[in-house]
Amino acid sequence: MKLIFWTLFFISAAVSAQTHNTITIGNLDSVYSTVLHENRKIWISLPDTSSPDGIFYPERFPVVYLLDGDENTFASVAVMLKQMGSGGGNTSFPKMILVGVPNTNRSRDLTPTRAKFIPAQVGIPASQSGGGENFISFIEKELMPHIDSVYPTAPYRLLMGHSFSALIAMHILINYPALFNAYLAIDPSMWWDEQHLLKQAEEVLQKKMFTGRSLFLAVANTMEKGMDTIQVKHDTDFSSLHIRSLLQLGHYLSSSKKNELAFNWKYYPDYGHGPVTLIAQYDGLRSIFDFYNFTIPFGELFDPSYKKDGEIAEHYREISRQMGYTVSPPEQLISVISHGLTAQKQFTRALYFLTMNIDNYPKSFHAYGDLGDIYIAMGDKQKAIDNYSKALSLYNFPGIKTKLDKLLLAK
């Protein structure tokens, strides 16, 4: 019964508030770019930070920058991030802010070089290509500062793209790796401009260090029927240049063992260039955040004989090491654990977890309110009064004030 309660608690906590019979997955924002000389619309999706009792939990979040971030692509990634970062006993990857960057001139912004020749079947005039450096300047000098100034960002950024937008993502990784912590490149167009970036990658990956950077590369099946990945390497037709370039890139990445790039890639034999996008987004996020995954053993945690209370804190120390900044266990999660232990009169363990919350979130009125609840359960009214008073000094929350007033009247 207790396990069902905690499960329902986290499910309800993961559902965003909805009003007027609408479901909102994001908001529209914009940045005027002096580099590109145009107004750029952006889509924003923020994680939910409230609990079922309406208490707001202030947090800062890593940011996913989604190129080709039109409404449909943005919606699928936003829902995925909300579902997988919803907390509870399964922390597959963190809650994250999603920034979708729709296109205005796709072939201009997402190609790093002006191609000398583009085959007619591609359908892009060479004169409209090669604006990638300006687009990168817009991201670095205008978009990112805006996002960091307006939204509660943490110092971790992930860049996600498909096709041409994955091409510019690979260009950024090769030439400006510090701009993002992680890169998710889905079937990038490495054939572009006579494989210009591919040839550069072969050299750079052997010489440059990519410490603290990670990459997931997805390769779709774009071969003609009857061809396999062995045969296609020896093909010379333009129709197979896309996948040939990606298989070669995979080889360069796999053989560059000393550059410290955390690299993983996957070939999808059952998915073409377009259909591969959704499954690769999911696989890529799971791969990049493989260190994040941790299942809280609620079935064992509330057993008095459980001896691994330090495991959660240790796991988040490892997450902090991987992400390059301090990531604390979610305040709401630790609060739920402490309340569960209090209900079973395991007060020493409950105090251990609440002390963790107060150490990690010293300005949290909720943590001190929880501590007051424990002392009520322990029968120590004075310590309950002290902690409720501390909570109210941080924020005048009505529920805590009611508890404090009741104790003071009873004195």
Taking only pairs six or more apart or across chains, which ones have beta-carbon atoms under 7 Å, a first residue in the stretch 26-37 that is within 13 Å of Glu142 (Cβ to Cβ), and a second residue that is at pLDDT below 95 and buried (at least 16 other Cβ atoms within 10 Å of the Cβ)?
none
If you take the residues in the stretch 45-82 that are at pLDDT 90 or above and among the small types (Gly, Ala, Ser), which one is farthest from Asp29 (Cα to Cα)?
Ser76
Sole exception among (1) free of Cβ contacts under 8 Å to residues at least 60 places away in the same chain; (2) over 26 Å from Ser137 (Cβ atoms) for Phe238, by number:
(1)
Which of the residues that make up the stretch 108-126 are exposed (fewer than 14 other Cβ atoms within 10 Å of the Cβ) and among the charged types (D, E, K, R)?
Lys116
Name every residue in the stretch 266-282 that is closer than 10 Å to Ala218 by Cβ and surrounded by fewer than 19 Cβ atoms within 10 Å (Cβ to Cβ), in order of residue number.
Lys266, Tyr267, Tyr268, Ile279
Out of the helices (runs of 4 or more DSSP H) lying entirely within the stretch 132-216, which hold 3 or more residues that are within 24 Å of Phe117 (Cβ to Cβ) and of a type in the set (Asp, Glu)?
192-207
Looking across the stretch 202-229 at residues that are touching a Phe, Trp or Tyr at 6+ places or on another chain (Cβ under 6 Å) and more than 22 Å from Thr277 (Cα to Cα), the single one that is surrounded by the most Cβ atoms within 10 Å (Cβ to Cβ) is Leu205
Taking the stretch 283-322 as the search range and keeping residues that are aliphatic (A, V, I, L, M) and closer than 24 Å to Val219 by Cα, which one is surrounded by the most Cβ atoms within 10 Å (Cβ to Cβ)?
Leu285
Please identify the pairs in which a residue from the stretch 312-333 that is closer than 16 Å to Tyr156 by Cα and touching a residue at least 40 places away in the same chain (Cβ under 8 Å) has its Cβ atom under 7 Å from the Cβ atom of a residue that is among the small types (Gly, Ala, Ser) and part of a helix (DSSP H, G or I), counting only partners at least 6 apart or on another chain.
Val327/Ser320
Tell me which residues, restricted to the stretch 352-401, are charged (D, E, K, R) and surrounded by 19 or more Cβ atoms within 10 Å (Cβ to Cβ).
Asp370, Asp373
For Ile136, state whether it is within 18 Å of Asn39 (Cα to Cα), in the same structural domain as Trp191 (by TED's automatic domain parsing) and either over 27 Å from the mean Cα position of the chain (by Cα) or in contact (Cβ under 8 Å) with a residue 24 or more places away in the chain (or both).
yes
Please enumerate the residues belonging to the stretch 335-387 that are under 33 Å from the mean Cα position of the chain (by Cα), assigned to a loop (DSSP other than H, G, I, E, B) and not aromatic (Phe, Trp, Tyr).
Pro362, Lys363, Ser364
A careful count of residues in the stretch 230-265 that are in a loop (DSSP other than H, G, I, E, B), in contact with a Phe, Trp or Tyr (Cβ under 9 Å, 6 or more places away or on another chain) and at negative phi gives 3
Can you run down the residue pairs with Cβ atoms below 8 Å, 6 or more apart or on separate chains, where the first is in the stretch 43-54 and closer than 14 Å to Gly399 by Cα and in the same structural domain as Pro102 (by TED's automatic domain parsing) and the partner is surrounded by fewer than 17 Cβ atoms within 10 Å (Cβ to Cβ) and modelled with pLDDT of 70 or more?
Asp53/Gly399
Quick one: would you say Ile319 is in a helix (DSSP H, G or I) and closer than 30 Å to Leu285 by Cβ?
yes
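The values are calculated or read from the model by the stated rules, or taken from the named source; none is laboratory data. All figures in this text were calculated on a predicted structure; none of them were measured in a lab. Please note: Cβ atoms are built from the backbone with ideal geometry, for glycine as well, and neighbour counts cover all protein chains shown.
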